[in-house]
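Heads up: the structure comes next, in structure tokens.
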Amino acid sequence: MISLAGRDILHSWPRFVLTGMGLGLLIGVTLSMAGIYRGMVDDARALIDNSNAALWVVQQGTQGPYAESSSLRDDAYRSIRGMPGVAAAANVTYFTMQVGRGSEDIRAMVVGIEPGGPGEPGYLVDGRHITRSHYEAVADLKTGFRLGDRIRIRRHEFVVVGLTRRMVSSGGDPMVFIPLKDAQEAQFLKDNDAIISERARTAANPAFNRPGVPGLLDAIQASQASNRSVNAVLVQLREGHAPESVAAPIRRWKHLEVFTRVQMEEILVAKLIATSARQIAMFLVILAVVSAAIVAFIIYTMTLGKIREIAVLKLIGTRNRTIAGMILQQALGLGLIGFVVGKTVATLWAPIFPKYVLLETGDALRGLVAVVLICAIASTLAIRVALKVDPAAAIGG
Amino acid sequence: MGDVGIRIENLRKRYGEGDTAVDALKDVNMTVAPGEVVGLIGPSGSGKSTLLKCLGAVIEPSAGRMTLGDELIFDDGWKIPDLRALRRDRIGFIFQAPYLIPFLDVTDNVALLPMLAGQRNGAARRRATDLLEALDVGHRSHAQPAELSGGEQQRVAIARALANQPPVILADEPTAPLDSERALAVIRTLNRMAEQYRTAIIVVTHDEKIIPTFRRIYQIRDGKTYEEAGEGRAIA
Ligand SMILES: Nc1ncnc2c1ncn2[C@@H]1O[C@H](COP(=O)(O)OP(=O)(O)OP(=O)(O)O)[C@@H](O)[C@H]1O
Ligand SMILES: [Mg+2]
């Protein structure tokens with residue numbers, strides 16, 4: 001027996017190929033949407049992995065430092081360091097801002113780290129780690145900086161001494177690591193006018209500017225000018241200590257919130273990108289429906305165009321099963337062409353997306369299964385029409 | 001194969017029920033011997049197509065008997081379970097338009113029938129090639145149907161009708177779109193094939209060019225058949 005579906009496809013291949021390509025672009029968009037979601041999840045995991053920490057200590061009652069803002073005193077890490085099971089603890093600050101490269105601005109997440117401590121990027125693709133305590137930076141490749149370039153952050157310039165890869169914030173902005181002190185200054189730095197007006201306000205307050213108490217005003221103004229906050233303390237554990245057993249006493253005694261890796265992942269993946277994930281899921285559903293409608297419409301019109309032939313085929317003794325199989329195979333053929341085109345274009349255009357697009361083989365396979373199912377369902381309409389065709393119609397009036 | 005090609009006795013067909021019922025066939029009686037080509041003529045609406053559809057087992061007669069070859073297929077009800085196989089193996093169809101399958105080449109249009117009947121592709125194609133040769137379209141065996149002339153397409157359709165060597169061929173206005181020379185050529189071919197394969201052939205026609213060629217003609221008027229002697233003019 002010959003393949004009727006195959007012969008028909010060969011006979012009218014321009015139509016199949018064009019429709020398949022249109023469908024393929026839709027499937028490509030669908031795969032890319034899934035890839036964008038996977039990329040977001042992967043970015044979140046990379047953020048957690050690259051922070052080199054087992055515990056995140058943040059302001060009480062917050063889900064910082066990535067999902068919510070968190071601020072704690074920068075001396076908190078000292079007492080955490082003394083807790084049982086803690087191998088190392090270091091302050092970090094995170095803030096997203098525009099940094100200068102020459103005359104242009106780049107959006108980046110500036111991370112303040114203590115050189116050598118947790119929070120330092122684990123792996124450099126080029127250059128070295130920060131060794132001085134001022135004005136050196138390690139930048140992600142995606143910022144476009146090269147070794148030796150100068151980064152302008154607020155009023156200061158930093159020299160790029162090392163480069164990382166895949167170090168991005170949960171929002172997809174590439175990271176720039178700088179020494180903690182510089183970062184604190186940049187984050188909380190007030191401009192001169194603000195400092196002057198604040199001093200004037202403090203001096204005008206009779207509670208602070210008391211006659212007969214020399215030095216009080218100066219002390220208060222000094223304490224206001226210096227900033228001693230960080231966003232989180234990253235903690236590494238000694239071997240043999242479970243994260244939760246170290247986290248519990250910090251929560252209890254230090255009145256701070258502590259997250260383990262698992263909890264952090266939960267916050268980043270389940271909460272931070274949950275809305276985006278639902279958004280993407282909506283898109284996937286719509287794309288699936290549109291694809292089904294296209295396949296159904298095309299297969300339906302092609303079948304209507306073959307009513308005569310189907311009547312003849314039935315009259316000369318072709319089984320209904322064979323005719324239904326022919327239509328189903330055509331729908332699946334269309335789906336397969338579409339899938340191949342879709343997978344190809346998704347792979348080709350993934351690198352030019354500004355955010356990371358992660359095309360997983362598993363998603364591709366799930367996509368293939370979905371395409372096959374959608375095509376099978378879409379062909380039922382045409383199959384019903386074909387099965388209703390009366391073989392007597394071939395004989396005519 | 002027995003002595004009966006086609007025998008129809010007291011066949012009746014009523015479309016619909018009640019007030020709107022139409023008695024398309026009231027009392028049809030016909031016999032066609034193996035190897036014989038018989039003409040079926042009659043005015044429009046007289047029931048010719050209805051008769052072919054009954055014989056072709058695509059509609060069910062209301063009453064009567066039909067015998068194909070030596071098998072009683074209808075006796076106030078179908079006598080065989082698989083009408084599809086009956087159509088495939090025992091009846092060849094030729095239509096006014098050739099109705100070839102446009103996405104199969106000429107050989108496979110003919111070979112499709114033996115393939116549907118379970119023959120291997122090679123054997124089915126050899127059978128098709130032989131028939132196409134016999135019908136003088138062998139040289140076009142790899143063409144697409146759309147690339148053939150009307151007469152060539154009709155000959156391919158005849159080859160398809162013969163492909164499973166059915167005892168019966170039903171032809172509905174097979175010469176309508178052809179000029180008289182080609183129309184006569186088709187009738188000549190049908191006669192030759194009938195003789196060669198012992199096929200009983202009914203040709204429904206209005207075509208004045210070919211009516212004189214039949215030796216026997218059935219007239220159908222108002223759902224009833226009347227047998228007439230034809231001129232049986234030899235075809236040059
Ligand atoms: N499906 C049907 N339902 C109801 N009546 C029908 C149906 N098919 C045919 N008829 C009626 O049966 C009668 C015979 O029709 P049939 O098609 O057999 O005529 P015909 O001899 O083939 O005519 P023509 O030469 O015009 O093709 C007509 O009166 C027609 O209206
Ligand atoms: Mg008719």
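The values are calculated or read from the model by the stated rules, or taken from the named source; none is laboratory data. All values reported here derive from a predicted model rather than from experimental measurement. A quick note on method: Cβ atoms are made from the backbone with ideal geometry, for glycine too, and the neighbour counts reach across all protein chains shown. Each accessible area value is taken on the protein alone, full model and side chains, heavy atoms only, with ligands, DNA and RNA left out. Shrake-Rupley method; radii C 1.70, N 1.55, O 1.52, S 1.80 Å.
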- Distance cut-off 31 Å, percentage of C-alpha pairs in region B:6-229 lying past it: 20 percent
- Task: Averaging sequence separations of C-alpha pairs under 8 Å and six or more residues apart, then dividing by the length of region B:6-229, give the relative contact order as a whole percent.
- Result: 30 percent
- Message: Just to be sure I understand: with springs between alpha-carbon atoms less than 10 Å apart, which residue in A:SER245, A:SER379, A:SER291 has the highest mean-square fluctuation in the Gaussian network model of chain A?
- Response: A:SER245
- Message: To check my understanding: the extent here is largest minus smallest coordinate of the Cα atoms along each principal axis. What are those three numbers for region B:29-132, in Å, largest first?
- Response: 42, 32, 26
- So if we plug the beta-carbon distance of A:VAL290 and A:LEU18 into 1/(1 + (r/R0)^6) with R0 = 22 Å, what FRET efficiency do we get, rounded to 0.05? 0.85
- Message: Below 8 Å between Cα atoms, with a sequence gap of 6+, how large is the relative contact order for region A:1-91 in percent?
- Response: 10 percent
- Task: Within 10 Å, count the other beta carbons around each residue, average over each peptide in A:365-371, A:39-45, and list them highest first.
- Result: A:39-45, A:365-371
- Item | Amide H contacts of B:PHE74 (H built 1.01 Å from N, under 5 Å, at least 5 apart or other chain) | B:MET66, B:LYS79
- Query: Hey, got the average number of other protein chain Cβ atoms within 10 angstrom for residues in A:316-328?
  - Reply: 3
- Note on the structure: Karplus-derived 3J(HN,Hα) from phi for region A:53-62 (6.51 cos²θ - 1.76 cosθ + 1.60, θ = phi - 60°), whole Hz, x at Gly and Pro, runs 10, 9, 10, 10, 9, 9, 4, 4, x, 10
- Query: Stokes-Einstein at 20 °C, 1.002 mPa s, Kirkwood radius from Cα pairs: D for the protein assembly as shown in µm² s⁻¹?
  - Reply: 67 µm²/s
- Message: Between 0 and 90 degrees, rounded to the nearest ten: what's the tilt of helix A:243-254 against the longest Cα principal axis of chain A?
- Response: 40 degrees
- Buried solvent-accessible surface, both chains (B, A), 1.4 Å probe, Å² to nearest 100: 2500 Å²
- Task: Determine the share of region A:244-397's accessible area contributed by carbon and sulfur atoms, expressed in whole percent, with a 1.4 angstrom probe.
- Result: 70 percent
- Checked region A:319-397 against the a/c 1.5 cut and the a/b vs b/c comparison, axes a ≥ b ≥ c from its Cα gyration tensor; verdict prolate
- State whether region A:129-256 is rounded, prolate or oblate according to the following rule on the C-alpha gyration tensor (a ≥ b ≥ c being the square roots of its eigenvalues): a/c under 1.5 gives rounded; otherwise a/b larger than b/c gives prolate, and the remaining case gives oblate. oblate
- Task: Would you mind pulling out the separation of the Cα centroids of region A:94-142 and region B:60-106, in Å?
- Result: 83 Å
- Query: What does the charge add up to near B:GLU147, with Lys and Arg as +1, Asp and Glu as -1, over the other residues with Cβ less than 13 Å from its Cβ?
  - Reply: -1
- In region B:43-65, accessible area falls by at least 50 Å² from chain alone to full assembly (1.4 Å probe) for B:LYS53, B:VAL58
- Query: So which of A:LYS271/A:LYS355; A:LYS181/A:LYS355; B:LYS26/B:LYS209; A:LYS388/B:LYS79 end up more than 26 Å apart, counting from Cα to Cα?
  - Reply: A:LYS181/A:LYS355; B:LYS26/B:LYS209
- Under a 10 Å cutoff between Cα atoms, tell me which one of B:THR199, B:THR175, B:THR129 has the largest fluctuation in the Gaussian network model of chain B. B:THR129
- Please give the net charge around A:ARG128, taking every other residue with its beta carbon less than 12 angstrom from that of A:ARG128, where Lys and Arg add +1 and Asp and Glu add -1. -2
- Local net charge near A:GLN263, Cβ-Cβ under 13 Å (Lys/Arg +1, Asp/Glu -1): -1
- Under a point-charge model restricted to the Cβ atoms of Lys and Arg (+1) and Asp and Glu (-1), what is the dipole moment magnitude of the protein assembly as shown relative to its Cα centre, in debye to the nearest 20? 940 debye
- Normalised by the number of residues in chain A, what is the relative contact order in percent for Cα pairs under 8 Å and 6+ residues apart? 28 percent
- Note on the structure: Ranked by GNM mean-square fluctuation in chain A (Cα springs under 10 Å), the top entry among A:GLU185, A:GLU120, A:GLU309 is A:GLU309
- Considering only protein heavy atoms, what per residue accessible area in square angstrom results for the protein assembly as shown with a 1.4 angstrom probe? 46 Å²
- Assuming a viscosity of 0.692 mPa s and a temperature of 37 °C, what translational diffusion coefficient in µm² per second does Stokes-Einstein assign to region A:1-82, Rh being the Kirkwood radius over Cα pairs? 181 µm²/s
- Query: Can you pull the Rg over Rh of region A:200-295, Cα-only, Kirkwood?
  - Reply: 1.35
- Item | Cα-based helix-to-principal-axis angle, B:180-197 vs chain B, degrees rounded to 10 | 90 degrees
- Nearest 10, in degrees from 0 to 90: the angle of helix A:274-304 to the longest Cα principal axis of chain A is 10 degrees
- Taking only the alpha-carbon positions of region A:244-397 as identical scatterers, the Debye log10 I(q)/I(0) at q = 0.14, 0.16, 0.19 Å⁻¹ comes out as -0.83, -0.95, -1.13
